[in-house]
Amino acid sequence: MNAIALLGAALIGVTLGLTGAGGSIITLPVLVYLAGVAPKQAVGLSLFIVGVAALVGAIQRWRAGEIHFKAVLLFALAGMAGAAGGARLTPLVSSATLMIIFAILMLVVAANMLFGSKNEVTQEVECRPLRCLSAGLAVGVLTGFIGVGGGFLLVPALVRFAKLPMRVATGTSLAVIAFNSAAGFISHYGEAPPRWDLALLFAGIAAVGVLAGSKLANQLPVKKLRQGFALMVIATGAFVLWQNF
């Protein structure tokens with residue numbers, strides 16, 4: 001295993017810890033382009049790695065009081081069902097098509113991070129069941145389909161539909177990611193033999209990274225983190241598109 005791939009594993013965890021999102025969106029490219037894993041096998045591995053790292057981060061955020069349990073329950077229940085369904089879509093598309101869809105999604109999300117609303121609006125927390133279940137289901141389908149934990153979608157969804165403050169949204173996102181990733185991984189299990197040595201190594205490194213990222217998040221400006229991460233996602237998405245056209 002080359003050092004750059006291991007550095008990528010650490011980056012997965014650090015970005016998850018910093019933003020409650022993002023680690024999942026770079027896991028698939030790291031596995032495919034740095035670790036040499038076939039795209040469809042990488043989907044299942046990605047879900048395992050992100051799920052373990054997110055669980056570690058969620059426990060840390062729970063201790064800090066930064067998790068909204070009603071939102072976790074509603075988003076996770078719908079998200080796990082969606083992830084199981086989304087996983088059934090993966091075999092229907094080619095590896096190249098899967099990566100192109102993934103790259104386009106990366107670019108759309110990054111553009112929203114750069115040009116969307118930058119300021120957090122103070123609002124009363126309100127996670128209505130139908131609204132939160134619907135948003136959770138949509139994120140879950142994408143989680144299962146392209147092998148991402150969905151945090152880059154979950155955080156804005158939790159802020160918009162559950163009206164959570166940003167810090168609570170990022171902590172809650174980690175807990176939901178852990179559930180969604182578990183459901184997606186189980187659904188993909190058996191499609192390709194899991195590379196457990198690689199999965200456990202990457203998950204361990206990412207778990208350490210998420211703890212470090214959570215501590216750094218309290219010391220670094222949120223706006224700069226958001227902009228820096230968005231630029232990294234754009235660069236990665238452009239690279240993936242270039243590789244598959």
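With closer than 28 Å to Ser94 by Cβ, surrounded by fewer than 17 Cβ atoms within 10 Å (Cβ to Cβ) and of a type in the set (Gly, Ala, Ser) as the only criterion, which of Ala212, Ala199, Ala238 stands out?
Of the residues listed, the single one that is closer than 28 Å to Ser94 by Cβ, surrounded by fewer than 17 Cβ atoms within 10 Å (Cβ to Cβ) and of a type in the set (Gly, Ala, Ser) is Ala238.
Determine, yes or no, whether Leu216 is in a helix (DSSP H, G or I), free of Cβ contacts under 8 Å to residues at least 24 places away in the same chain, farther than 30 Å from Leu130 by Cα and more than 17 Å from the chain's Cα centre (by Cα).
Numbers: in a helix (DSSP H, G or I): yes; free of Cβ contacts under 8 Å to residues at least 24 places away in the same chain: no; farther than 30 Å from Leu130 by Cα: yes; more than 17 Å from the chain's Cα centre (by Cα): yes.
Criteria not met by Leu216.
Given the criteria of a type in the set (Ser, Thr, Tyr) and surrounded by 24 or more Cβ atoms within 10 Å (Cβ to Cβ), does Ser173 qualify? Talk me through it step by step, then tell me what you get.
Values: of a type in the set (Ser, Thr, Tyr): yes; surrounded by 24 or more Cβ atoms within 10 Å (Cβ to Cβ): yes.
Spelling it out, Ser173 is indeed of a type in the set (Ser, Thr, Tyr) and surrounded by 24 or more Cβ atoms within 10 Å (Cβ to Cβ).
Filter the range 85-124 for residues that are exposed (fewer than 12 other Cβ atoms within 10 Å of the Cβ), hydrophobic (A, V, I, L, M, F, W, C) and modelled with pLDDT under 75 and give the result.
Val121 - this is the single residue of the range 85-124 that is exposed (fewer than 12 other Cβ atoms within 10 Å of the Cβ), hydrophobic (A, V, I, L, M, F, W, C) and modelled with pLDDT under 75.
Leu34 versus (1) buried (at least 24 other Cβ atoms within 10 Å of the Cβ); (2) within 20 Å of Ile100 (Cβ to Cβ): which is the lone unmet condition?
(1) is the only condition that Leu34 fails.
If we only count helices (runs of 4 or more DSSP H) wholly inside the range 1-98, which ones have 2 or more residues that are more than 20 Å from Thr236 (Cα to Cα) and touching a residue at least 40 places away in the same chain (Cβ under 8 Å)?
39-63, 69-87
So, in the range 158-170, how many residues would count as being crowded, with 24+ Cβ neighbours inside 10 Å and either modelled with pLDDT under 85 or farther than 21 Å from Thr15 by Cα (or both)?
Qualifying residue count for the region: 2.
Out of the residues in the range 36-59 that are at pLDDT 90 or above and farther than 16 Å from Ala9 by Cα, state the one that is farthest from the chain's Cα centre (by Cα).
Ile59
Can you name every residue in the range 210-245 that is touching a Leu at 6+ places or on another chain (Cβ under 7 Å) and of a type outside the set (Val, Ile, Thr)?
Gly213, Leu216, Ala217, Leu225, Gln227, Ala230, Gly237, listed by residue number.
Any chance the range 29-41 includes a residue that's out of contact with any Gly (no Cβ under 7 Å at 6 or more places or on another chain), closer than 21 Å to Ser95 by Cβ and of a type in the set (Ser, Thr, Tyr)?
Yes, that holds for at least one residue.
In the range 219-242, which residues are aromatic (Phe, Trp, Tyr) and modelled with pLDDT of 75 or more?
Passing the criteria: Phe239, Trp242.
The values are calculated or read from the model by the stated rules, or taken from the named source; none is laboratory data. Fair warning: this is a prediction, and the values are worked out from it, not measured in the lab. Cβ sites come from the backbone with ideal geometry, for glycine too, and all protein chains shown count toward neighbours.
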